[in-house]
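The values are calculated or read from the model by the stated rules, or taken from the named source; none is laboratory data. No experiment lies behind these values; they were computed from the predicted model shown. Because the Cβ atoms are built from the backbone with ideal geometry, glycine has one as well, and the counts that use them run over all protein chains shown.
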């Protein structure tokens, strides 16, 4: 017969989860320009597919949303020539891409205000992508009378997450620098009283 031990014995396996401190996270500076670079790369991939009744009608990359594109209707794939739907560049996509380029540029040149600019670029980029999604869904629901849907793909979500990561780490770096400056500015109150 096997020797059974009570639940509270010393041989019990334990799992320890350590959450990194804000100082440790703020020390991860290389993650910020990498995140901004990932956003730029994600713009070259499909951001969303347009579907009607489960059938894919077309796709748009992030760059298509920035520059504008003419989408061919599904009839043109079968040899029937019909005029396509022209989609102009979207201001929110342009703003998001510009925020990623500015964020990456500031960290590459190592500007002394990189944490502040990185925080702003991350917030503007993430906000722009969220508004872009809302705008696309609104336009699709108005034009498609509920039959068209926009399916946002991994590159869109990856860009949004990368903006949030870059903005958050930049914010933590900014707060850490502010705390460090406050400690440096406090006068030394210790004096020798002899």
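Could you say whether any residue in segment 54-74 is modelled with pLDDT under 75, at positive phi and outside any helix (DSSP H, G or I)?
Initially, segment 54-74 is screened for residues modelled with pLDDT under 75, giving 71-74.
Still in the list and also at positive phi: none.
Taking every residue of segment 54-74 in turn, none turns out to be modelled with pLDDT under 75, at positive phi and outside any helix (DSSP H, G or I).
Restricting attention to segment 4-22, report how many residues are more than 25 Å from residue 170 (Cα to Cα) and either part of a helix (DSSP H, G or I) or modelled with pLDDT of 70 or more (or both). I'd like the intermediate steps shown before the answer.
From segment 4-22, those more than 25 Å from residue 170 (Cα to Cα) are 4-16; that's our starting set.
Subsequent filtering for residues that are either part of a helix (DSSP H, G or I) or modelled with pLDDT of 70 or more (or both) retains 13-16.
Adding up the residues that qualify gives 4.
Restricting attention to segment 23-53, and to residues there that are part of a helix (DSSP H, G or I), at pLDDT below 85 and within 19 Å of the chain's Cα centre (by Cα), which single residue is surrounded by the most Cβ atoms within 10 Å (Cβ to Cβ)?
In the first step, residues of segment 23-53 are kept if they are part of a helix (DSSP H, G or I); the result is 23-26, 31-42.
So of that shortlist, the ones also at pLDDT below 85 come out as 23-26.
Remaining after also requiring within 19 Å of the chain's Cα centre (by Cα): 25-26.
Values: 25: 16, 26: 20.
Only one residue fits best here, namely 26.
Return the only residue of 134, 87 being touching a strand residue (DSSP E or B) at 6+ places or on another chain (Cβ under 7 Å) and without any contact (Cβ under 8 Å) to a residue 60 or more places away in the chain. Outline the logic, then answer.
On the way: 134 fails: touching a strand residue (DSSP E or B) at 6+ places or on another chain (Cβ under 7 Å).
One residue alone meets the criteria, 87.
Which condition breaks for residue 89 when tested against (1) within 22 Å of residue 36 (Cα to Cα); (2) at pLDDT 85 or above?
The single condition residue 89 does not satisfy is (2).
Which of the following residues is at pLDDT below 90, farther than 13 Å from residue 51 by Cα, surrounded by 15 or more Cβ atoms within 10 Å (Cβ to Cβ) and touching a helix residue (DSSP H, G or I) at 6+ places or on another chain (Cβ under 6 Å): 115, 150, 123?
115
Look through segment 94-112, keep the residues that are under 17 Å from residue 45 (Cα atoms) and touching a residue at least 40 places away in the same chain (Cβ under 8 Å), and return whichever of them is surrounded by the fewest Cβ atoms within 10 Å (Cβ to Cβ).
Once the filter is applied, the top-ranked residue is 101.
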